[in-house]
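Written out below as structure tokens is the structure these notes cover.
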Amino acid sequence: MSILDIAVGESLPPLTRPPISQEQLRRYAEASGDHNPIHLDEEAARRVGLDGVIAHGMLSMAFLGQFITQQVSAIPDAYLTHLHVRFNGMVRPGDVLTCQGTVQERTRTNDGREHLSIACRIENQNGNAVTSGEAVVSLPQ
């Protein structure tokens, strides 16, 4: 099902991500230039009272962006005009994350393009919201 077919108030198909591995954290750190050992090494993180939640939280915010991008990428000439993401809670190593979204509003601009406002959230396996956001997608005429 495409976002073109979803009415206001309806949900987008959810996207689930399995737990992040230590190797994925290492690749993320390498790609982002974040080489802080606390974000990569669980033992180093525990020594200072952390458990790798910082990097996992950043990845959860990126996952929300991936969820929206996946919705838009299948539609020719559609694009993301706005994405606002907030980190709401701790994402711990081993968490399974599920991203969900609901179409909040459909508007039409003077040039004939339709804009969809989408409210999104990521929940862990316990149903706790860990990341939330809003996106606006511009659809072709």
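For the ranges 82-95, 112-125, 5-18, what's the packing order if you count other beta-carbon atoms within 10 Å of each residue, average per peptide, and put the highest first?
Per-residue mean Cβ counts within 10 Å order the peptides as 112-125, 82-95, 5-18.
Report the calculated FRET efficiency for A129 and I75 (r = Cβ-Cβ distance, R0 = 30 Å), to the nearest 0.05.
0.65
What is the set of long-range amide H partners of I6 at a cut-off below 5 Å, with H atoms built 1.01 Å from backbone N?
none
Values quoted throughout were computed directly from the atomic coordinates according to the rules given, and no laboratory measurement underlies them. Worth saying up front: this structure is predicted, and the values here are computed from it rather than measured. Cβ atoms come from the backbone with ideal geometry, glycine included; neighbour counts cover every protein chain shown.
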